[in-house]
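Report on the structure given below.
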Amino acid sequence: MTEEQQQSLCALIRKLGAQAQALRNAGLQVDKKARQDFVSHADLFVEKEIKNWLSSHCPQDGFLGEESGLQVGEQGTWVLDPIDGTTNYIQGMDYWCISLAYVRQNEIDLGIIYAPDRDEFFFARRGKGAFLNDKRLTLREPDPETVIIGMGRSSRAPVENYTRTIARVINAGMEYRRFGAGALMLAHVATGQVHAYYEEHMNSWDALAGMLIIVEAGGVSNAFLADDGLLNGNLVLAGCVDVQARLSALLVSH
């Protein structure tokens, strides 16, 4: 992707974020995929527009979207969640985002997360750093007594696993937060608002962009793409180096 194409893609995502806001304000058509799992007209619209742009500008690449599934390409694969945190978005909360990643040769090359209601545009390229609204992000280790873990609850894992993990985190002297949009919580690890993120299972369209942003800000992550994580999803554990190691040991020990 050229610099000009990159700028054009970022401008498109900003535009679509504003259009998603407008669609919500005008009243949404919402369908139910499963219990507490919704898709809105805005999800479908954003995915269609980004997919069309990529098809025109990067025709050799594949595409994997939450709503439209997999289209195989000759080179890399673009991975999109058009709106992560759809329930938050529908309810008028500000904690939702557009998440787009590019995977090539089993590595994440690019990650974009845009939270329109919060005016937060995250961008990372492998080996070139992570940025929030064009300001470089650099992770710093927190005081061990002030650690906050971001957590997500997967519908693909027993709820008892989630509640046990909360108990372990609290008993180890750490706090936790769950805000209902895993992609954005991953990005907020890179800003220091939380210090690591854990979810027993995430889909690739939720996880990849945020994981690259963390790594490019100086953090670490598990090998999400192992075991065909692109298509099957995987566990997510990413954050500040010391915190990620502390949380990993806590989970393994139990």
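The values are calculated or read from the model by the stated rules, or taken from the named source; none is laboratory data. Keep in mind that what you see is a predicted model, and the values were worked out from it rather than measured. In this analysis, Cβ positions are derived from the backbone assuming ideal geometry, glycine residues included, and neighbour counts consider all displayed protein chains. Each accessible area value is taken on the protein alone, full model and side chains, heavy atoms only, with ligands, DNA and RNA left out. Shrake-Rupley method; radii C 1.70, N 1.55, O 1.52, S 1.80 Å.
Tell me the residue from I98, I50, I108, I83 that is buried (at least 21 other Cβ atoms within 10 Å of the Cβ), in contact (Cβ under 8 Å) with a residue 40 or more places away in the chain and assigned to a helix (DSSP H, G or I), please.
None of the other options fit; the residue is I50.
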Q: Kindly indicate the residue of the range 53-79 that is closer than 21 Å to S40 by Cα and surrounded by fewer than 20 Cβ atoms within 10 Å (Cβ to Cβ) and also farthest from the chain's Cα centre (by Cα) among those meeting that condition.
A: W53
Q) Can you tell me which residues in the range 162-176 are in a loop (DSSP other than H, G, I, E, B) and either among the aliphatic types (A, V, I, L, M) or under 21 Å from A187 (Cβ atoms) (or both)? A) A172, M174
**Q.** Check on S248, small (G, A, S), open to solvent by 50 Å² or more (accessible area, probe 1.4 Å) and modelled with pLDDT under 95
**A.** no
(Q) Being modelled with pLDDT under 95 and within 17 Å of F63 (Cβ to Cβ) is the filter here; which residues of the range 215-227 pass it? (A) none
Q.
Being over 19 Å from D117 (Cα atoms), of a type outside the set (A, V, I, L, M, F, W, C) and modelled with pLDDT of 90 or more: is that true of K33 here?
A. no
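Can you pull out the residues in the range 162-192 that are charged (D, E, K, R) and open to solvent by less than 80 Å² (accessible area, probe 1.4 Å)? Spell out how you get there, then give the answer.
Initial filter on the range 162-192 (charged (D, E, K, R)): 164, 168, 175, 177-178.
Of everything in the range 162-192, just one residue is charged (D, E, K, R) and open to solvent by less than 80 Å² (accessible area, probe 1.4 Å), namely R168.
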Q. What number of residues in the range 117-161 are closer than 18 Å to L208 by Cβ, in a loop (DSSP other than H, G, I, E, B), open to solvent by less than 30 Å² (accessible area, probe 1.4 Å) and among the small types (G, A, S)?
A. 3
Q. Which condition number in (1) in contact with a Ser or Thr (Cβ under 9 Å, 6 or more places away or on another chain); (2) of a type outside the set (D, E, K, R); (3) open to solvent by 10 Å² or more (accessible area, probe 1.4 Å); (4) over 18 Å from D143 (Cα atoms) is the one that H195 fails?
A. (4)
Q: Within the range 47-103, track down each residue that is polar (S, T, N, Q), in contact with a Lys or Arg (Cβ under 7 Å, 6 or more places away or on another chain) and modelled with pLDDT of 95 or more.
A: none
Q. Among the residues of the range 158-168, is there at least one that is modelled with pLDDT under 95, out of contact with any Cys (no Cβ under 9 Å at 6 or more places or on another chain) and closer than 29 Å to Q71 by Cβ?
A. no
